[in-house]
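Trainee: Sharing a structure, written as structure tokens. Questions coming.
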Amino acid sequence: MSIPWDSVSDAVERVFGLHLREGRLPDLKRALKGAAAELGHPDSSACAQLLLCRDLDATSTEVLASHLTIGETYFFRDSDAFTALSTRILPELIAARRRAGDLRLRIWSAACCTGEETYSVAILLNQLLPDIANWQVTLLGTDVNPRFLRKASEGVYGQWSFRTVAEDVRERYFRRLAGGRYALLPAIRRMATFQVMNLVDESTQTNVHHGAFDLILCRNVLMYFTHAQATKVVGNLHRALHHDGWLAVAPCEASQSLFNRFQPVHCNGAIFYRKNRLPPQSELRPPVAGSSSVRAVRSAAVANSPLCKDSPAPALQRPPASVGPTTKSPDAGLTAQALAAHARELADQRRMSEALTWCDRWIDAEKLDPDAHYLRGMILAENGDVPAACAAFERSLFIAPDGVMASLALAGLERDRGREGRAARLYRNILTMLDPLPPDAGIEHAEGVTARQLAALVRDLLKGKQA
Ligand SMILES: C[S@@+](CC[C@H](N)C(=O)[O-])C[C@H]1O[C@@H](n2cnc3c(N)ncnc32)[C@H](O)[C@@H]1O
């Protein structure tokens, strides 16, 4: 049967809000093929029929949702936004509630994926509320994909989820498990509850109480919706906010027309929307030095993601070796650059085994590219294959001994597997590499983290180790 793809795209928009046509049609076809295989149908046409006939039961909805959605997230994603949350927005909300004698905070992480965003807020609240036991905190994480939510409820994460998180934060709030995985401390895990919720579903929209939330994070999801669906969802979020509530979206989702009922507030590179229309906000206070719990150590995969960029491109110490446009791969004539981009995109979407395949193809095309081996190390580390990850980072450093982030990643893994001496040597090497750089110099793959910030982090790590 030939599939009327335009009508299927319409149905996907109606049911899930997602804009999957034109350039994104291949993603839709791939998703339906995967869903059909999982539901035991011979090909995509059966899934297309389900959508077209509005004949979706709970199982087919879950399977379709899990194939259509993109599960890209990590702790403290967008350090500017989390700095603003920890230094301004949450402290202001907390102070207002204290003044009113109403010790309640109600926060909704809408489209929370596997929970990293929700738990990042839980960690901030834990840091900001010394008397948290006296507070009634509602921290709700919702998503259309129940599989993501099951993972969120477990609270167990691989290294990839910590790609921008300083080790000390990870050590403080997580317990190390075998295989390079980390379990969130129960006290933090218990702060959040998770619930399946389709943001474009009419019944869901009417179930959210008016004015129920002080803060809503709805980040990196509106960009996948059609404009019409995004407009509807934003209207519902507006209704769901308390009169002085805040809405956080991703920087690339900021839009004057979409958020015209909100007051835009610029917070050190991040943009938030406030419900009430106050006189123009004055410039925000700068963040309190050293108060952010997030010390960004961003990965190559993030830095080059074709998805929404969280922050401006960092200064690079040297151009990535792989981007020579004339470098041809033996792989179907693809350039090494194209292979690299695809490998990074898959890694960003946490499709790790596919990412590894493409990364290996990139390496086949460009054997001496330190960035390719670095990405390979990150993927293997996420998969819990620590020895292979270490070998990949070693290879990256053999080719480019000045690879600061490869050294840092390798040091962390060596420390995790008890090779403290080797880790300490690597940390000291990093300090030697950083020493001659201007304090504000950007570091390749560190997405905006400066030489000074990184040196401070490494000194902390060394101190922690020596204590
Ligand atoms: C890229 S993730 C963003 C996760 C997190 N908010 C962040 O910024 O890191 C997008 C999430 O939106 C969810 N999503 C997609 N369509 C949705 C819908 N109609 N309703 C609710 N969630 C949806 C996906 O399942 C996925 O978990």
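Trainee: How many residues are among the acidic types (Asp, Glu) and either open to solvent by 40 Å² or more (accessible area, probe 1.4 Å) or assigned to a loop (DSSP other than H, G, I, E, B) (or both) when one looks only at the stretch 379-395?
Mentor: 2
Trainee: Okay, moving on. Kindly state which strands (runs of 3 or more DSSP E) lie completely within the stretch 176-251 and contain at least 2 residues that are touching a residue at least 12 places away in the same chain (Cβ under 8 Å) and within 30 Å of residue 383 (Cα to Cα).
Mentor: 182-184, 192-196
Here is a yes/no grid of residues against (1) open to solvent by 10 Å² or more (accessible area, probe 1.4 Å); (2) assigned by TED's automatic domain parsing to the domain that holds residue 173; (3) within 11 Å of the ligand (Cβ to nearest atom); (4) closer than 30 Å to residue 11 by Cα:
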site	(1), (2), (3), (4)
188	no, yes, no, no
194	yes, yes, no, yes
197	yes, yes, yes, yes
204	yes, yes, yes, yes
207	yes, yes, no, yes
213	yes, yes, no, no
217	no, yes, yes, yes
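Trainee: Something else about it: Which of the following residues is at pLDDT below 95 and among the aliphatic types (A, V, I, L, M): 169, 234?
Mentor: None of the others qualify; the one that does is 169.
Trainee: Considering only the stretch 219-266, how many residues are within 21 Å of residue 120 (Cα to Cα) and either open to solvent by less than 60 Å² (accessible area, probe 1.4 Å) or among the polar types (S, T, N, Q) (or both)?
Mentor: Adding up the residues that qualify gives 14.
Trainee: Related question: Quick one: residue 151 ticks every box in (1) part of a loop (DSSP other than H, G, I, E, B); (2) within 16 Å of the ligand (Cβ to nearest atom); (3) of a type in the set (Lys, Arg) bar one, so which box is it?
Mentor: Exception for residue 151: condition (1).
Trainee: Here are 96, 84: which of them is surrounded by 24 or more Cβ atoms within 10 Å (Cβ to Cβ) and assigned by TED's automatic domain parsing to the domain that holds residue 250?
Mentor: 84
Trainee: Would you mind stating whether residue 402 is out of contact with any Asp or Glu (no Cβ under 6 Å at 6 or more places or on another chain) and touching a residue at least 24 places away in the same chain (Cβ under 8 Å)?
Mentor: The answer is yes for residue 402.
The values are calculated or read from the model by the stated rules, or taken from the named source; none is laboratory data. Remember, predicted model here, so these are calculated numbers, not experimental data. No Cβ is skipped: glycine too gets one built from the backbone with ideal geometry, and neighbour counts run over all protein chains shown. Keep in mind that these areas ignore ligands, DNA and RNA; they rest on the heavy atoms of the full protein, side chains included. Shrake-Rupley method; radii C 1.70, N 1.55, O 1.52, S 1.80 Å.
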